Structures are given as C-alpha cells and as structure tokens.
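The values are calculated or read from the model by the stated rules, or taken from the named source; none is laboratory data. Because the structure is predicted, anything quoted here is derived from the model rather than measured. Virtual Cβ from ideal backbone geometry, glycine too; neighbours counted across all protein chains shown. These area figures cover heavy atoms from the full protein model, side chains too; ligands, DNA and RNA do not enter into them. Shrake-Rupley method; radii C 1.70, N 1.55, O 1.52, S 1.80 Å.
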Amino acid sequence: MSRNVTQRHEMACGLACVAFVTGESYDDLAEKETDRSRLINLGFLCPELVEILDEHGKEYGWKELSEADRNREFRGGDIVFVERSEKLPYGHFLVKAPEGWMDPWINLSQDADIRHAESGFRDSLPGTAEYLVYPLS
C-alpha cells in the first residue's frame, strides 16, 4: 500500500480507498459498479465498502465512532469517513497508510471539478472522523 489512488467520480472516494487497500485498479472497480448513481451522486456507505473489500479477499468491519474514539490512533488499512462540514459538504473517505492519510481527492473544494482531481498523502485528517472501516485481522 503506497501508491495513491485518485477518484474519477464525484462520490467515489470510498471506492478509491478500497482500490488503495486491495491493490485493484480504481477503473476496474468502478466498471463493476452496476449502480452508476453511487459513483456520481449517492456515494458508498460503510457496509457497501466492507462488501466490496470482502469480494477482494479483505476481511473488514465497520462502526460509527464514539466521541471518545474520534481522535484515536488509527492503524494502517483503516478507512475513515470524515464528517460533513463546510469544507467537505458530503464528507470524505481517506485511508491510513505508512506515508500518512491517502486522500483520493486531495485538492477537493466545494466548487472543485472532478476532472482536475488529484490524490496524495496528508499528515492528518481534514476533519473529524465519524465512521471507521477497519481490518478484522
């Protein structure tokens, strides 16, 4: 897990995080998605990400984080959903890596154009962790 993965659809940050964890191609995962609206305007929920991870041999669980757990230390492979905010009106998924947090749309802003999306690593989360998708082993 060291190459960053750029999301290519407006609401597919979670799918890009799954591609990062599994080593699968983002484009291949997106192509398999039968509900195209999840890529463009619905997004993915934690149970859906767990299901996709399972289909690719990764055993994961998920949970809503308590107030006490929102600032915890996260482990490599953890996928975190950052809660909605003015900066991130739909929230955002990132994945913990040795290099920091892999952000599939690191230059995201409210009026950002997905065609200009770039991915990269950041030192800290760009907001408050709300949900956690985590490896079971």
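Just a few scattered comments:
- Eligible lysines near Lys63 by straight Cα distance, threshold 20 Å, same-chain separation 8 or greater: Lys96
- For segment 70-137, with all protein chains in place and a probe radius of 1.4 Å, 43% of the accessible heavy-atom surface sits on carbon or sulfur.
- Cα-based shape type of segment 1-125, given that a ≥ b ≥ c are square roots of the gyration tensor eigenvalues and the cut on a/c is 1.5: rounded
- Heavy-atom accessible surface of the chain, averaged per residue, reaches 54 Å², computed with a 1.4 Å probe.
- The accessible-area ordering, largest first, of the residues Met11, Met102 stands as Met11, Met102, per a 1.4 angstrom probe.
- Taking every alpha-carbon pair under 8 Å whose residues sit at least 6 apart, segment 20-137 reaches a relative contact order of 29 percent.
- Dipole orientation for the chain: of the candidates Pro98, Val5, Ala112, Pro98 has the Cα lying most toward the positive pole (charges on Cβ; Lys, Arg +1; Asp, Glu -1).
- Straight-distance candidates among the lysines for linking to Lys32, with alpha-carbon spacing under 24 Å and chain neighbours fewer than 8 residues away dropped: Lys58.
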